[in-house]
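A short write-up of the structure that comes next.
The values are calculated or read from the model by the stated rules, or taken from the named source; none is laboratory data. In this text, all values refer to a predicted model and were calculated from it rather than measured experimentally. With ideal geometry, Cβ positions are generated from the backbone for all residues, glycine too; neighbour counts draw on all protein chains shown.
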There are 2 protein chains.
Amino acid sequence: MNKGFLCIGLDPDIKRIPDRFLKDINPLWEFNKYIIDETIEYAKAYKPNIAFYEAYGSNGLEALKKTIEYVKKIDKNITVILDAKRGDIGNTASFYAVSIFEDFKADGTTLSPYMGFDSIEPFLKYKDKYIFILGLTSNPSNKDFQFIRTEDGKFLYEKVIDKVIEWNKKYYNGIGLVIGATNKEISELKNKLKGIPLLIPGIGTQKGEIDILKGILSDNVFINVARDIIYSNSPKTKAKFYFDELNRLNNLI
Amino acid sequence: MNKGFLCIGLDPDIKRIPDRFLKDINPLWEFNKYIIDETIEYAKAYKPNIAFYEAYGSNGLEALKKTIEYVKKIDKNITVILDAKRGDIGNTASFYAVSIFEDFKADGTTLSPYMGFDSIEPFLKYKDKYIFILGLTSNPSNKDFQFIRTEDGKFLYEKVIDKVIEWNKKYYNGIGLVIGATNKEISELKNKLKGIPLLIPGIGTQKGEIDILKGILSDNVFINVARDIIYSNSPKTKAKFYFDELNRLNNLI
């Protein structure tokens, strides 16, 4: 079965979820369950961002755990990426890896590159997992550091991308990149990124245009849409829209 | 009262804490309580790293919460820095800020610079808090990216430090840097960093030498020691040793 390319961001904000969930003991979990039930036939992956759960303390983290279990119970082939953007020295990073891969049992996560390889290494022993390292992010302030030009003429984000591709070849093929769809540079990166797992946020509320993704879709590419689906009046209709659009783009190639 | 410069890292690893704590319902909390009781007269700050608590799920996070409350109950003037190295787009970052400053009630945190200003901004509305942004870290792989030379001849870490100092002047004086004591470059940075809050890890197990800190100590500088104190046979003796050493260094100036 072709499950397309759509990853749905499960980032529930209590101020934005419909009132009917607020009377529940755990509104975040009930809301997520509703979103999953509505969208699972169009979802290749779900991506909860852990910040939205941490903000609600133990209740939030319980919602996160139940959400991941629920997705895997319905369809164990759906990938769950726990977006955490961690990055710390090796001894500490190994504890983050335990939390994300052993406690929450996610299939993948996101990491920050700034501290370098030893902050990534503890995650590599989980060879059945995806690791997406921030390359070129989708936010406006990516300009501050990622676009610093280095002495050989490349931007910093290009140096990070090159290094991650090197790690992918050297260690295992689950090592990939986060590349925001809000960047026009994504077009020039397509050839270089072939075969590398990609998590691509920025479509939808962040205004990334879907046509920029032409030629980049493949089995280990995840196009994330969060707010534009989960806060829609009909998450199902919106998920189907993105699912169809991505398949249309893929057939154009 | 001079509380010196010592920050004690509360990074409990269940595999390393003494057996006598393992029979407790929450060994991490009981161990931390012991460490705090032993060391508080020498501590200007405590720095729990959240990874060590996340790895033990809700039990771990409960230990973290109790630990922070306990420190503040004994002495509300002691600074608690919740080391989390977060960094995400603005909408998400605001949820991390809620978790760290409102739920855990920490007095400060650490952030990763890679995504730029909008990933830092949500933390700035808490103007009574410290924000330490990773500048030059203490781990060996800081070489991978932080020492990339940029087109104007500066290393990346210098560009990050310059930008953080700019933010400190522009926004508020709680914005500071993490600078690892394992880097000899710290000596050259002293003048530039005057008046900027600093969190300096790397002394102790990571082999940073204490004498490198000469001339950098001031009221908003925190020298972190974790494993070398908390896993010592006498945390009190070790804490006093570092407390005295740092005061000795400060008096040399």
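Output the number of the condition that residue B:3 fails; it satisfies all remaining conditions of (1) at pLDDT 95 or above; (2) within 17 Å of the chain's Cα centre (by Cα).
Going through (1) at pLDDT 95 or above; (2) within 17 Å of the chain's Cα centre (by Cα) one by one, residue B:3 breaks only (1).
Identify all residues within region A:84-119 that are of a type in the set (Lys, Arg) and crowded, with 24+ Cβ neighbours inside 10 Å; write none if there are none.
Matches in region A:84-119: A:85, A:86.
If you check A:93, A:63, which single one turns out to be small (Gly, Ala, Ser) and more than 10 Å from chain B (Cβ to nearest Cβ)?
Only one candidate qualifies: A:63.
I'd like to know if region B:18-36 contains one or more residues that are closer than 14 Å to residue B:78 by Cβ, touching a residue at least 60 places away in the same chain (Cβ under 8 Å) and in contact with a Pro (Cβ under 7 Å, 6 or more places away or on another chain).
Yes: region B:18-36 contains one or more residues that are closer than 14 Å to residue B:78 by Cβ, touching a residue at least 60 places away in the same chain (Cβ under 8 Å) and in contact with a Pro (Cβ under 7 Å, 6 or more places away or on another chain).
Looking at B:132, B:123 in this structure, which one is in contact (Cβ under 8 Å) with a residue 60 or more places away in the chain, more than 8 Å from every other protein chain (Cβ to nearest Cβ) and closer than 28 Å to residue A:135 by Cβ?
B:132
Considering only residues of region B:120-133 that are surrounded by fewer than 20 Cβ atoms within 10 Å (Cβ to Cβ) and among the basic types (Lys, Arg), which is modelled with the lowest pLDDT?
Top of the filtered list is B:127.
Of the residues B:152, B:144, which single one is in a loop (DSSP other than H, G, I, E, B), at the interface with chain A (Cβ under 10 Å from one of its Cβ atoms) and surrounded by fewer than 24 Cβ atoms within 10 Å (Cβ to Cβ)?
B:152
For region B:24-66, which positions are aliphatic (A, V, I, L, M), over 25 Å from residue A:50 (Cβ atoms) and assigned to a helix (DSSP H, G or I)?
B:35, B:36, B:40, listed by residue number.
Name the single residue, out of those in region B:162-173 being in a helix (DSSP H, G or I) and not β-branched (Val, Ile, Thr), that is nearest to the other protein chains (Cβ to nearest Cβ).
B:163
Checking residue B:195 against (1) in contact with an Asp or Glu (Cβ under 7 Å, 6 or more places away or on another chain); (2) surrounded by fewer than 23 Cβ atoms within 10 Å (Cβ to Cβ), which test does it fail?
(1)
Considering only region A:162-197, how many residues are farther than 14 Å from residue A:132 by Cα and among the polar types (S, T, N, Q)?
Here the count works out to 4.
So which residues in region B:239-253 are in contact (Cβ under 8 Å) with a residue 12 or more places away in the chain and in a helix (DSSP H, G or I)?
If the condition is that a residue be in contact (Cβ under 8 Å) with a residue 12 or more places away in the chain and in a helix (DSSP H, G or I), then B:239, B:240, B:242, B:243, B:245, B:246, B:247, B:249, B:250, B:252 are the ones that fit.
Can you name the residue in region B:116-141 that is more than 16 Å from residue B:182 (Cβ to Cβ) and part of a strand (DSSP E or B) and, of all such residues, is nearest to the chain's Cα centre (by Cα)?
B:132
Sort out which residues of region A:71-88 are within 18 Å of the chain's Cα centre (by Cα) and assigned to a helix (DSSP H, G or I), and write them in order of number.
Answer for region A:71-88, where residues must be within 18 Å of the chain's Cα centre (by Cα) and assigned to a helix (DSSP H, G or I): A:71, A:72.
For residue A:100, are the conditions met, namely being under 27 Å from residue B:201 (Cα atoms), within 12 Å of another protein chain (Cβ to nearest Cβ), of a type in the set (Val, Ile, Thr) and in contact with a Leu (Cβ under 8 Å, 6 or more places away or on another chain)?
Considered against the rule, which asks whether it is under 27 Å from residue B:201 (Cα atoms), within 12 Å of another protein chain (Cβ to nearest Cβ), of a type in the set (Val, Ile, Thr) and in contact with a Leu (Cβ under 8 Å, 6 or more places away or on another chain), residue A:100 comes out as yes.
Restricting to region B:103-119, name every residue that is more than 8 Å from chain A (Cβ to nearest Cβ) and over 20 Å from residue B:69 (Cβ atoms).
Once the filter is applied, which keeps residues that are more than 8 Å from chain A (Cβ to nearest Cβ) and over 20 Å from residue B:69 (Cβ atoms), region B:103-119 yields B:110, B:111.
Report the residue count in region B:12-45 for those that are within 14 Å of chain A (Cβ to nearest Cβ) and crowded, with 24+ Cβ neighbours inside 10 Å.
So the count comes out to 2.
Please work out if residue A:229 is in contact with a strand residue (DSSP E or B) (Cβ under 7 Å, 6 or more places away or on another chain) and either surrounded by fewer than 20 Cβ atoms within 10 Å (Cβ to Cβ) or farther than 18 Å from residue A:9 by Cβ (or both).
Answer is no for this residue.
Which ones in region B:46-59 are more than 7 Å from every other protein chain (Cβ to nearest Cβ) and either touching a helix residue (DSSP H, G or I) at 6+ places or on another chain (Cβ under 9 Å) or surrounded by fewer than 24 Cβ atoms within 10 Å (Cβ to Cβ) (or both)?
B:46, B:48, B:50, B:53, B:56, B:59
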